[in-house]
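Shown next, in structure tokens, is the structure this report addresses.
The values are calculated or read from the model by the stated rules, or taken from the named source; none is laboratory data. No experiment lies behind these values; they were computed from the predicted model shown. Positions of Cβ are backbone-derived with ideal geometry, glycine not excepted, and every protein chain shown enters the neighbour counts. SASA here: full protein model, heavy atoms, side chains in, ligands and nucleic acids out. Shrake-Rupley method; radii C 1.70, N 1.55, O 1.52, S 1.80 Å.
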Amino acid sequence: MQRRTLIRLTGVGLTGALAGCSNTQDPSTEGPTDTATKTAEATATSTRGGDATPGADQLGAANDLQSSATVRAAVLDEDQGAGRFVFTPAVVWVESGATVTWEIQDAAHSVTTYHADNERPQRVPEDASAFDSGTVDAGETVQRTFETPGVHNYFCKPHEGIGMVGLVIVDGPQGGPGTTPPDDLSGSAASNLSMLLELAGVAGAGGDGPSYGWQTATFDSYWYSLYNMSTNIAMSGNGVLFPHNDQQREQFNERFPKMLAAAGEEQPPVKNPNLNMAPFTEGDPSFTERPVLAGEDGRPDASTLTWDTANSSKVVSPSSVAWTHLKGVTWAKNFEAHFDILPDSLAAEFRSMVLSTLAQIGTAATLVQGGPEGNGALTKNPDENLLLVSEFRPGDGTVVDDTSRPNDHTAMLWFLSDLVSLAQGGWFGYENPEPLIPADKIQMLADGMGKTVMNAFSPSDVVEAGSTRDLGQALGALGWYGTHAGSAELEAQAATYANGLAAEVEANLAGNGKVENGAANQAATQGAIAQGLAWASQVDGVDHTGTATDVVGYLRDALWDDDAGTYATGASASTYAISARDAGDITGGLNAAAAELGVSGVKPEFARFFDNTFNRGRLQRAQRPPSRNPDAEYSLPLPPNAGGEFGQAAVYNGEVAYDADADAWAVTDDRFYTGEALYLSNQDIWIGNWGGDFYQGRGAPGKSDSPPR
């Protein structure tokens, strides 16, 4: 079957060809990619001793108390040993009554003491009051006069998770909470405070060190989500790229300068991006040459970060497109939520526009006008419905598999519903420089996909096409669609359909909360169903939170292996095979349990699951410098050291397995499966935190519809 794939979205000036496309691109293109590679302009210098490391430096001493002190809250060009986001000097010794002034530089920061009133453990003298400057913009100052003797531990709220902490020591240590080991904290904040206490010679700097806890795990999940998203959507070249012909080149050259102007940027932060509008289903994340992460101008060169496409599937599926661009939507929202605290050098406004643009281009290419009669490249009967083919090869315009599968459709419905949220909520990335697809047409697409799902696939069809696990994804998608349907009638239909899916769950439910007839990984089945029921319960007329609680209860009570620190695939299993999709289902269930169901004890369990499965087990194959802690118990390699001649990208492996008898992990599939990996990447950002600030609404339907103001 051949398809002519001309993209022509009438009225918005978006044209281009999908069929006959390779994944090549004009190397002169400059655009955005990895948000973690560009650094700030200013470099901090030591305030004492000349050679001291910013973030690990002191002003004064026990016998040299200062009458005043000035500290810079800075973002360094590069990590000089104590992180890039630092207070410098990090330790100041002052006499009582001294005023400390913080100069806020390079990004928005806060000066916040560790105090119960600031929802943190007490790490200031017992008689000291709490202090929180709030988030302060670059160029401003913060002042605090210290009267209470002792050690005052403080942090930056936006950047606590990456270790931006400091000490003010008033009249000497004096003992007290601020001198004890920071065992009540975790991650970089704890390790950096330990380092500063040791630097200052304050008692309590020792101890066994911080454990890997909830904050650290959800901070890592934030970064792993970012790495997988940015690699797939802007670096790998594993898909149909934008722009890829003269027409799209013309549109690119017109739109991108407007985006730079809207963001107030002079140039894109990355050379030669591989902007992915239609990702291939599989790929080999091996680099084909030495990766250039910082060229002569300091910018990474994405042309050196492409994958070995000889080992790519070279086909596109609805799931690979939907989960990729849903990831773009979630990150466009996340960037805007942090415009005020991210460094200017990250170009967050610009990146939010790029992600929104690619989501719209991908939608146009696959759903709007790309087939033989003007239909989308993945659509079958556009005059009747939005039934989709399963696989399409853009290189020669061939439909490889014309089967219509429920999971592909519910993935696309989930994405389109969140795209409705982006288009109708006043989000910067969609509205600037101007929308490519009007909001009302996005609503029409979401409604069309909603009708298609509800009419084409009965709840029993969903199970028969896969397993009961797939009811969870369908419920999650209906939760999103039901809260974003274009009419009250469609919302009511969504509620009826969601209740039908829940009834199918009940029909396969054992009395102890176990969902029967599921996937090979029982833990994944439980997680998917728990999240799906919780998400669908956001729709009026749907409430299955009690069942969701029972289902997640079986996951935690029957399948948690405390010795392994992960979930068993079955109650009697001795080998646990965990794919990227499995991990996404488990993460989604635990996120729903903690965020929506009020289940206690989830956070430490998730931290252990994440550390063992993703880090020790190597489900994530590499880390980049912004999040990597070489002293961690299970530290992942940097991309150049991740395997192969030139290294591999920092993305998920296909599957890992744990042998309970041998207490050993192994990577059992090192392929990158786009749909599964980006599904997991979405779950990881929904549970993830940046500096203690969790994703808005935690991914629950209807709870991230408007930008935080």
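Gly395 falls short on exactly one of the conditions (1) closer than 19 Å to Ala332 by Cα; (2) surrounded by fewer than 24 Cβ atoms within 10 Å (Cβ to Cβ); (3) of a type in the set (Gly, Ala, Ser), and that condition is (1). Considering the stretch 468-493, the residues that are open to solvent by less than 10 Å² (accessible area, probe 1.4 Å) and more than 23 Å from the chain's Cα centre (by Cα) include one that is farthest from Ala510 (Cα to Cα), namely Gly482.
Being assigned to a loop (DSSP other than H, G, I, E, B) and either open to solvent by less than 10 Å² (accessible area, probe 1.4 Å) or of a type in the set (A, V, I, L, M, F, W, C) (or both), is that true of even one residue in the stretch 77-87? Looking for residues that are assigned to a loop (DSSP other than H, G, I, E, B) and either open to solvent by less than 10 Å² (accessible area, probe 1.4 Å) or of a type in the set (A, V, I, L, M, F, W, C) (or both), one finds at least one in the stretch 77-87, hence yes. Test Glu254 against the criterion of being farther than 28 Å from Tyr652 by Cβ, outside any helix (DSSP H, G or I), more than 22 Å from the chain's Cα centre (by Cα) and not hydroxyl-bearing (Ser, Thr, Tyr), and give yes or no. For Glu254, the condition - farther than 28 Å from Tyr652 by Cβ, outside any helix (DSSP H, G or I), more than 22 Å from the chain's Cα centre (by Cα) and not hydroxyl-bearing (Ser, Thr, Tyr) - is not met. For the structure I just gave you, tell me whether Ala666 is without any contact (Cβ under 8 Å) to a residue 12 or more places away in the chain and either open to solvent by 40 Å² or more (accessible area, probe 1.4 Å) or closer than 27 Å to Met235 by Cβ (or both). When the stated conditions are applied, Ala666 passes them. Scanning the stretch 298-311 for residues that are open to solvent by 20 Å² or more (accessible area, probe 1.4 Å) and either at pLDDT 80 or above or more than 20 Å from Ala347 (Cα to Cα) (or both) gives Asp301, Ser303, Thr306, Asp308, Thr309, Ala310, Asn311. Selection of first residues in the stretch 447-467 that are over 16 Å from Thr496 (Cβ atoms) and without any contact (Cβ under 8 Å) to a residue 60 or more places away in the chain and of second residues that are among the charged types (D, E, K, R) and open to solvent by 20 Å² or more (accessible area, probe 1.4 Å), restricted to Cβ pairs under 7 Å at least 6 apart or on distinct chains, gives the following pairs, ordered by first then second residue: Val463/Glu504.
Scanning the stretch 674-704 for residues that are touching an Asp or Glu at 6+ places or on another chain (Cβ under 6 Å) and open to solvent by 10 Å² or more (accessible area, probe 1.4 Å) gives a single hit, Gly692. Could you check the stretch 637-663 and list, in sequence order, the residues that are open to solvent by 10 Å² or more (accessible area, probe 1.4 Å), assigned to a strand (DSSP E or B) and within 18 Å of Leu559 (Cα to Cα)? Ala657, Asp659 - these are the residues of the stretch 637-663 that are open to solvent by 10 Å² or more (accessible area, probe 1.4 Å), assigned to a strand (DSSP E or B) and within 18 Å of Leu559 (Cα to Cα).
Conditions tested, residue by residue: (1) surrounded by fewer than 21 Cβ atoms within 10 Å (Cβ to Cβ); (2) modelled with pLDDT of 95 or more; (3) outside any loop (DSSP other than H, G, I, E, B).
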| position | (1), (2), (3) |
| --- | --- |
| Gln526 | no, yes, yes |
| Ala534 | no, yes, yes |
| Ala548 | no, yes, yes |
| Ala564 | yes, yes, no |
| Ala632 | yes, no, no |
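Restricting attention to the stretch 318-356, the residues that are among the β-branched types (Val, Ile, Thr) and at pLDDT below 95 add up to 1.
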